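Below you'll find the structure, written out as structure tokens, and then a few comments.
The values are calculated or read from the model by the stated rules, or taken from the named source; none is laboratory data. Predicted, not measured: the structure shown is a model, and the values here were computed from it. So basically every Cβ, Gly included, is an ideal-geometry build from the backbone, and we count neighbours across all protein chains shown. Side chains included, ligands, DNA and RNA excluded: accessible areas come from the protein's heavy atoms. Shrake-Rupley method; radii C 1.70, N 1.55, O 1.52, S 1.80 Å.
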Amino acid sequence: GFGLIAFRDDRDREAIAKPENPVFPAPRQPVPMAARYSMDGSRPFNALGAWLLLRHVGRREYERIVDHFMSLTEHFVRELLRRNCFELYLKPTMNLVVFRPRSASDDIDGFVSDLAQRGFGISTYRSDRGTFLRCVFVNPAATHQQLTRFVETLHEVASARSAGG
């Protein structure tokens, strides 16, 4: 993890300072107490990437990128369901789709291996309902046409596996 708050003027950090923590003994020597000035003294700054992107491109462009990711997600789901051989873990509410071939006897690890032989890598999600495939859409340059071709490849692999080949 990575956590950071940067100030142009060191005196500005007092605006966010937390009270001294009574759990920890006071230091014997004067040392900086960085935990007083952190957003949370024990957790990583997981929002750093989003914050940097927002600062770099601005709110409107950031919204456009998020809308694009959601459009890719919706297109991918439509294409998957149109082929009627995949099931969703649940309907996506963000740019993450978890799905698998409908064939309950299908070996997901084998499916991933077959897909890798065609030049595609895909992650999996293991749940109490079994193992699923997982796609997260985070490439602003990705297109609907590319996803349609990817779904076609997923369908070809699923069809070949259900036919025993």
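For the reader, a short list of remarks on this structure follows.
- Test: residue in the stretch 67-79 that is exposed (fewer than 14 other Cβ atoms within 10 Å of the Cβ), at pLDDT below 95 and out of contact with any helix residue (DSSP H, G or I) (no Cβ under 9 Å at 6 or more places or on another chain): no
- Residue within the stretch 55-66 that is surrounded by 12 or more Cβ atoms within 10 Å (Cβ to Cβ), touching a residue at least 60 places away in the same chain (Cβ under 8 Å), hydrophobic (A, V, I, L, M, F, W, C) and under 30 Å from A6 (Cα atoms) present: yes
- Taking the listed residues R28, R102, R43, the one that is within 18 Å of V151 (Cβ to Cβ), open to solvent by 60 Å² or more (accessible area, probe 1.4 Å) and at pLDDT below 90 is R102, with no other qualifying.
- Complete set of residues in the stretch 1-23 that are farther than 25 Å from N46 by Cβ and either modelled with pLDDT under 75 or in contact with a Cys (Cβ under 7 Å, 6 or more places away or on another chain) (or both): E20, P22
- Residues that are open to solvent by 30 Å² or more (accessible area, probe 1.4 Å), free of Cβ contacts under 8 Å to residues at least 24 places away in the same chain and of a type in the set (A, V, I, L, M, F, W, C) within the stretch 113-125 comprise just one, A116.
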